[in-house]
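Chemist: Please read through the structure below; I'll follow up with questions.
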Amino acid sequence: MKQFFKFMFASFFGTILAMTIGTFLIIGIIGGISAALSSSEKEPTEITESTLFVPDLSKPIAERDLSNAFGNFNFGGEFGGKATQALPNVVASIEDAATNEHIKGMFLDLTVFQGGRASLEAIKNALVKFKVSGKPIYAYADYYNQATYYLAAVADSIFMQPTGELGFNGSAIEMMFFRGTFDKLDIEPRVIKHGKFKSAGEPFSEKKMSEYNKQQMRVLMHSVYTHYLAEVGKNRGIDSAVLRSIATELKIRTPQDAISLGMIDGLKYRDEVRDMLTRFMGAESYDDIKTMDVNDYMATMENEYVKDKIAVVYAVGAIGMGEGDDENIGSDRISKAIRDAREDDKVKAIVLRVNSPGGSALASDIILREVALCKEAGKPVVVSMGDVAASGGYYISCKADAIVAQPNTLTGSIGVIGIIPGTQKFFENKLGITFDRIKTGPFADLGNPNRDMSDMERKMIQDQLDRIYIDFISHVAEGRNLDTAFVNANGQGRVWTGTDALKLGLVDELGGLDRAIELAKEKAGLEAYQIKEFPKVKNPFEEIIKNLGGNVKEDMIKSEIGEEQYQLMQQIKWLTQFDEPMMLMPYFFKE
């Protein structure tokens with residue numbers, strides 16, 4: 001009887017606790033809905049007094065605005081969600097603030113920046129436009145890395161915490177290889193590819209970079225780093241050759257070194273910077289200063305209704321079959337988004353925003369077909385490339401009317417690869433597991449990892465990849481109006497920066513999403529337009545459930561193994577998830 005009461009009370013209190021938590025969650029959701037709906041009914045906020053613009057660049061920068069009906073309800077923190085801001089909003093608010101008479105200047109807190117290279121480039125360009133207005137930009141950080149200093153270099157005044165650090169020591173690329181691990185486990189990494197520079201399988205099949213891969217990585221790093229030094233030098237007024245020597249010789253070892261070399265203007269504590277801003281704004285205290293961040297400023301920007309639309313279709317993440325989501329490209333979802341834009345009479349042009357290292361060859365071809373149908377229907381398509389638009393990401397782009405990439409975009413990687421691990425010896429020698437089979441024919445289980453692969457089977461798979469590669473370079477040659485032999489010579493799985501891709505004719509212009517939209521406007525002959533985004537953002541209730549589950553698990557793993565190791569784990573998981581020919585590049589490049 002004692003056990004009965006023990007379990008009864010445990011069950012009772014457990015039920016009460018669950019109901020209490022559920023009640024608070026429901027109340028929170030209802031409150032969020034009410035706040036969002038009431039906010040959506042408000043008129044645009046008007047700036048009527050002297051204001052300091054303070055964009056919070058520490059929030060993760062997303063490709064698009066993922067806000068929804070619950071946009072004003074913060075599911076972050078307790079429920080594992082992530083507060084993000086859209087790159088187009090950041091850029092638009094900075095550029096508009098330059099012309100707003102009530103915005104007196106800008107303060108950038110750059111201790112943390114969570115965005116890719118293309119985001120960095122787009123925001124830097126917007127800051128340059130703001131600076132042209134004559135309004136001062138003040139930058140501050142507890143410490144700077146090369147990414148945050150790239151933005152700070154645009155500022156009129158750069159300050160750092162007195163014991164902070166300016167990390168300015170060059171760029172490096174490091175790849176991890178698992179061939180030794182596979183050898184110990186008796187796993188045979190069968191990598192079949194077309195393209196001598198196609199390196200996606202090297203982490204599994206090799207113990208170090210191939211010479212072809214080293215060659216392309218050196219060129220990539222040189223191109224990206226040269227652009228970085230040139231832009232920092234131009235904005236800071238220091239010759240790029242001097243900057244290169246500063247990094248190469250590691251001349252900045254103390255905060256005072258950064259000042260003496262002209263990289264930093266002063267060392268200040270945060271309260272001293274606030275006092276300086278208070279004097280600049282003519283206020284009695286920092287708390288009296290009227291400030292605005294990106295979200296606040298976007299609420300001041302009116303959007304008048306215009307009948308004609310330019311569709312922006314966001315293709316973000318690895319490419320695969322099926323539905324996908326806001327972080328992964330699904331062939332069904334993205335092809336439908338392009339088709340919906342094509343069939344919408346109000347949409348006069350389409351901008352395809354691609355930020356993808358590629359993926360499934362079949363899924364890529366399904367999406368490319370929809371791009372081609374847009375052109376046949378007479379609707380211009382302009383591609384805007386983000387951090388990376390390579391392999392399958394380039395495949396879905398190649399038939400657009402124009403392609404715009406950032407100088408540091410990674411693109412190209414025109415090649416195909418298949419990875420089929422041989423696990424038979426692992427199961428037998430390490431686990432004592434054996435396999436036997438009955439087949440209707442010799443190729444009934446083609447690609448089976450649990451038996452040896454014959455030379456004939458390898459040749460058949462190679463032939464399939466070769467056919468896909470020929471289709472790939474044919475599409476590129478047709479879409480880019482290039483000779484097939486030229487595309488083949490500059491394909492072979494080789495990755496290019498946007499700067500080098502422009503020289504090869506693989507892209508048409510250097511610029512961001514704003515330039516791509518402007519091109520689409522010109523090609524459609526529009527005077528005025530509104531942006532209409534595709535595909536629709538996922539159902540908010542689905543995102544709540546995802547935040548309560550997947551993101552919590554993700555955050556727990558990251559806290560245990562660290563951000564870099566988590567990203568490596570995700571890359572390995574991604575590289576090994578496909579069971580079909582792939583158009584992809586490993587995204588290991590970082591500064």
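Chemist: Counting other C-beta atoms within 10 Å, which of Thr51, Thr226 has the fewest, and how do the rest follow?
Modeler: Ascending Cβ contact count within 10 Å gives the list Thr226, Thr51.
Chemist: So, one more: Over what distance in Å are the Cα centres of the stretch 360-378 and the stretch 185-232 separated?
Modeler: Using only Cα atoms, the two centres lie 29 Å from each other.
Chemist: Which of the peptides 434-446, 291-303 is most tightly packed, and how do the rest follow, going by the mean number of other Cβ atoms within 10 Å of each residue?
Modeler: In decreasing order of mean packing, 434-446, 291-303 become 291-303, 434-446.
Chemist: Also: If you take every residue apart from Ala489 with its C-beta less than 15 Å away from the C-beta of Ala489, what net charge results, scoring Lys and Arg +1 and Asp and Glu -1?
Modeler: Counting the neighbours of Ala489, the net charge comes to +3.
Chemist: While we're on this one: By per-residue mean of other Cβ atoms within 10 Å, what is the highest-first order of 470-483, 166-179? Mind showing how you got there, number by number?
Modeler: Values: 470-483: 17.5, 166-179: 15.2.
With the highest mean Cβ count within 10 Å placed first, the list reads 470-483, 166-179.
Chemist: Still on this structure: Give the residue from Ile420, Cys398, Thr440 lying farthest towards the positive end of the charge dipole for the stretch 384-466; charges sit on Cβ (+1 for Lys and Arg, -1 for Asp and Glu) and the dipole is referred to the Cα centre.
Modeler: Looking along the dipole axis, the top candidate is Thr440.
Chemist: For the stretch 95-164 and the stretch 292-317, compute the distance between their C-alpha centroids and round to whole Å.
Modeler: Here the answer is 22 Å between Cα centres.
Chemist: Give the total of Lys-Lys pairs in the stretch 202-317 with Cα-Cα distances below 29 Å; include a pair only if its members are 8 or more places apart or on different chains.
Modeler: The number of close lysine pairs in the stretch 202-317 is 5.
Chemist: Sequence gap at least 6, Cα distance under 8 Å: using those rules, report the relative contact order of the stretch 107-175 to the nearest whole percent.
Modeler: Computed over the stretch 107-175, the figure is 36 percent.
Chemist: Taking a ≥ b ≥ c as the square roots of the Cα gyration tensor eigenvalues, with a/c under 1.5 meaning rounded and otherwise prolate when a/b beats b/c, else oblate, which class fits the stretch 75-167?
Modeler: The shape class here is oblate.
Chemist: Additional query: Using a/c under 1.5 as the rounded threshold, could you call the stretch 113-174 rounded, prolate or oblate? The axes a ≥ b ≥ c are square roots of the C-alpha gyration tensor eigenvalues, and prolate needs a/b larger than b/c, oblate otherwise. The partial results should precede the final answer.
Modeler: Values: a/c = 2.57, a/b = 1.22, b/c = 2.10.
Verdict is oblate for the stretch 113-174.
Chemist: Name the residue farthest towards the positive end of the dipole of the stretch 152-209 from the options Met160, Met209, Ile187, assuming +1 on Cβ of Lys and Arg, -1 on Cβ of Asp and Glu, about the Cα centre.
Modeler: Most positive-ward Cα: Ile187.
Chemist: Let me ask another. Quickly rank 209-217, 91-99, 359-367 as a protection proxy: mean count of other C-beta atoms within 10 Å, highest first.
Modeler: Values: 209-217: 16.2, 91-99: 19.6, 359-367: 24.4.
Result, highest mean first: 359-367, 91-99, 209-217.
Chemist: Then there is this: Defining a contact as two alpha carbons under 8 Å apart and six or more residues distant in sequence, what relative contact order in percent does the stretch 219-363 show?
Modeler: Computed value for the stretch 219-363: 16 percent relative contact order.
Chemist: Considering only the other residues whose Cβ falls under 15 Å of the Cβ of Tyr212, what net charge follows from Lys and Arg at +1 and Asp and Glu at -1?
Modeler: Summing Lys and Arg as +1 and Asp and Glu as -1 gives +4.
Chemist: Let me spell out the model: positive unit charges on the Cβ of Lys and Arg, negative unit charges on the Cβ of Asp and Glu, origin at the Cα centre of the stretch 256-307. What dipole size does that give, in debye rounded to 20?
Modeler: Taking the Cα centre of the stretch 256-307 as origin, the dipole is about 120 debye.
Chemist: Can you give the % of DSSP beta bridges in the stretch 273-394 that are antiparallel, to the nearest 5? Working shown, then result.
Modeler: Values: 2 of 19 bridges.
Around 10 percent of the beta bridges assigned by DSSP in the stretch 273-394 are antiparallel ones.
Chemist: Using a simple charge model, +1 on the beta-carbon of Lys and Arg, -1 on the beta-carbon of Asp and Glu, nothing else, what dipole does the stretch 439-478 show about its Cα centre, in debye to the nearest 20?
Modeler: 180 debye
Chemist: Around Lys268, with a cut-off of 10 angstrom between Cβ atoms, what is the net charge of the other residues, counting Lys and Arg +1 and Asp and Glu -1?
Modeler: So the surrounding residues net to -2.
Chemist: Relative contact order, percent, of the stretch 98-239 when contacts are C-alpha pairs under 8 Å separated by at least 6 residues?
Modeler: 20 percent
Chemist: Quick check: from the Cα gyration tensor, does the stretch 332-447 come out rounded (a/c under 1.5), prolate or oblate?
Modeler: Working: a/c = 3.79, a/b = 2.21, b/c = 1.72.
The shape class here is prolate.
Every number here is computed from the coordinates shown, using simple stated rules; none is lab data. As the structure is a computational prediction, the values presented were derived from the model and not from experiment. Here the Cβ is made from the backbone with ideal geometry for all residues, glycine too, and neighbour counts use every protein chain on show.
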